[in-house]
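Asks: My structure is below; once you've seen it, I'll send some questions.
Throughout, read-outs are computed from the coordinates displayed, never taken from laboratory work. Worth saying up front: this structure is predicted, and the values here are computed from it rather than measured. Because the Cβ atoms are built from the backbone with ideal geometry, glycine has one as well, and the counts that use them run over all protein chains shown.
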Amino acid sequence: MKTQKTNWYLAILAFLVISISLSSCEEDDDNTMDNDNNNKTETNTIVDIAVSDDSFSILVQALTKANLVSALNGSTDYTVFAPTDDAFATLLNDLGATSLDDIQEDVLKSILLYHVVAGSNTSGSLSTGYYSSISPKEMGYNYSLYFSKEDLMINGMVKVTQADIMADNGVIHVVDKVILPASITDHAIANAGLSDLTAAIVKAELATALDDDNNNFTVFAPTNDAFATLFSDLNVTLDDLSKEALIPILLYHVVNAFVPAANITSGYVNTLSMGQDNYLSVNVNINASSEGVWLNSGAQVILTNVVATNGIIHVIDNVILPNSVVDIAINNSNFSILVEAVVKAELAETLSGAGPFTVFAPTNDAFSALFAALNVSGIADLDKQTLTPILLAHVVDGNVRSTDLSNGTVPTLNDGKSLSIDISDGVYIDTDSRVILADVQGTNGVVHAIDKVIVP
């Protein structure tokens, strides 16, 4: 009996121990779950919002394929213009593609990044103008977007249909089309302030050329106000200008290279005008009252670095007209004494004529050396009769570029003076006057800068 009773007590004790242990474990599990629930952080990132909305299913697939999920799921704030499934369906149809698998990953990534702008920009903080996407072009510059606040349009083609979906790491604006990076022509069309430029490009039949992604141009784009000033000065309208008249003017605004604002320096730049190199005079920070970038001394760059698929645009406040040889001298501060001399000798009108002329243009330093040799203070001490034969000795009839020069002599507009040309080691005129800058092409001739005044 004692043994049975003892065993019975032991069985009860064991049951109680197990029961207490199980109860303790249940309490621990409950506490752990409670702690897990308390420690779990609910997120509402850009990706979370896209995943939770069935209308963004293709966008989520695209972000996954392009390996951009983690970037848009982080702590950095972005503004995302999010295309719906219908928008992607339209794109795939336009491309003749059946699915995202038909689009290369690098192309898809570039397109998706073009929908993203750094920072959290609500509809209230967005203003009409250009925004830099995070889709890279080259040289550290990203493709630009043009946003119109008035009608909530992007690049003039894509509509914001729902704004300000706030996320933990930025804001989403829903758009009705996939936004594709814009060409130079696309950007001109999208910006209402460049409508006259667009009309001129269309009339000159240059739209296709400025739409070509095989090129990389820099375009100095005049505003509508700039064209209004030109038309007023010429007493014409766009309708009065023929295709043949417009082409050299428009191409004079185009440089065949990708030149961001940071890379613009003072000097001469080749343009595409006149079917040959035609130089544009560029001055950076002319003086304290003329800071910034100036073209031919009369047009100022007022907005920079609009990055397109085939180049970059800088907006300017005046239409630039190709220069005559006189204009070239006027627009270069290194020729200011030459300009003073030409005016005093009353030769400006002659050298602004049809020509063509080849001008060997002495710099200010060259004239200073002449003044020292003659023991005079400047042009004021020289009369018209003295200056005229000196200046005409620097002008040759015809458009003679450096590649046309050869050893020998050429007559000048000074009937009694011919120039001796030596190209054996550089280009020298009359033995000791050296060409230091060649082939500055104008509308009525070409200018070669020289370092010494030629004295008959």
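Asks: When the Kirkwood radius is taken over all Cα pairs of the chain, what Stokes-Einstein diffusion coefficient follows at 20 °C and 1.002 mPa s, in µm²/s?
Replies: Values: Rh = 27.4 Å.
Estimated diffusion coefficient is 78 µm²/s.
Asks: Same structure again: Sort K149, K109 so the one with the fewest other Cβ atoms within 10 Å of its own Cβ comes first.
Replies: The most exposed by this proxy come first: K149, K109.
Asks: Taking a ≥ b ≥ c as the square roots of the Cα gyration tensor eigenvalues, with a/c under 1.5 meaning rounded and otherwise prolate when a/b beats b/c, else oblate, which class fits segment 252-408?
Replies: prolate
Asks: Over the Cα atoms of segment 345-445, Rg to Rh with Kirkwood Rh, two decimal places?
Replies: 0.96
Asks: Where a ≥ b ≥ c are the square roots of the eigenvalues of the C-alpha gyration tensor, would you call segment 46-181 rounded, which needs a/c under 1.5, or, failing that, prolate if a/b is larger than b/c, or oblate?
Replies: Here segment 46-181 falls in the rounded category.
Asks: Which percent, to the nearest 5, of DSSP beta bridges fully inside segment 325-450 are antiparallel?
Replies: Numbers: 16 of 22 bridges.
Restricted to segment 325-450, the bridges split so that about 75 percent are antiparallel.
Asks: Hey, can you grab everything whose amide H is under 5 Å from the amide H of Q162? Only 5+ residues off in sequence or another chain; H modelled, so Pro and N-termini drop out.
Replies: Amide H neighbours of Q162, under 5 Å, 5+ apart: V174.
Asks: Taking every alpha carbon pair in segment 185-316, what does the distance histogram look like in 5 angstrom bins from 0, in percent?
Replies: With a bin width of 5 Å, the distribution comes to 2, 10, 20, 25, 22, 14, 5, 1, 0.
Asks: Taking the Cβ of T309 as the centre, find all other residues whose Cβ is under 13 Å away and add up their charges (Lys, Arg: +1; Asp, Glu: -1).
Replies: -4
Asks: How many percent of DSSP beta bridges within the chain run antiparallel, rounded to 5?
Replies: Working: 52 of 70 bridges.
Given both bridge residues lie in the chain, the antiparallel proportion sits at roughly 75 percent.
Asks: Further question on the same structure: Modelled label-to-label distance, S99 and T229, 7 Å Cα→beta-carbon offset: nm?
Replies: The modelled label-to-label distance comes out at 5.7 nm.
Asks: What is the Å³ per residue value for the convex hull set by the Cα atoms of segment 140-231?
Replies: Working: hull volume 12.7 nm³, N = 92.
Taking only Cα atoms, segment 140-231 has a hull volume of 138 Å³ per residue.
Asks: How much of the pair distance distribution for segment 279-360 lies past 21 Å, counting alpha-carbon pairs only, in percent?
Replies: I get 41 percent for the Cα pairs in segment 279-360 exceeding 21 Å.
Asks: Taking Cα centroids, how far is segment 426-456 from segment 197-217 in Å?
Replies: Here the two parts' Cα centres lie 36 Å apart.
Asks: From Cα pairs below 8 angstrom and at least 6 apart in sequence, can you work out the relative contact order of the chain, rounded to a whole percent?
Replies: 10 percent.
Asks: Would you compute, from DSSP H runs of 4+ residues alone, the mean residue ellipticity of the chain at 222 nm, taking -39500 (n - 2.57) per run and dividing by the full residue count, rounded to the nearest 500?
Replies: My calculation for the chain gives -10000 deg cm²/dmol from helical runs alone.
Asks: For I249, I201, which order do you get if you count the other beta carbons within 10 Å of each Cβ and list the fewest first?
Replies: I249, I201
Asks: Let me ask something additional. Rounded to the nearest 0.05, what FRET efficiency do T304 and A245 have when you use their Cβ-Cβ distance and R0 = 30 Å? Numbers along the way, then the final one.
Replies: Details: r = 29 Å, r/R0 = 0.95.
In this case the efficiency is close to 0.55.
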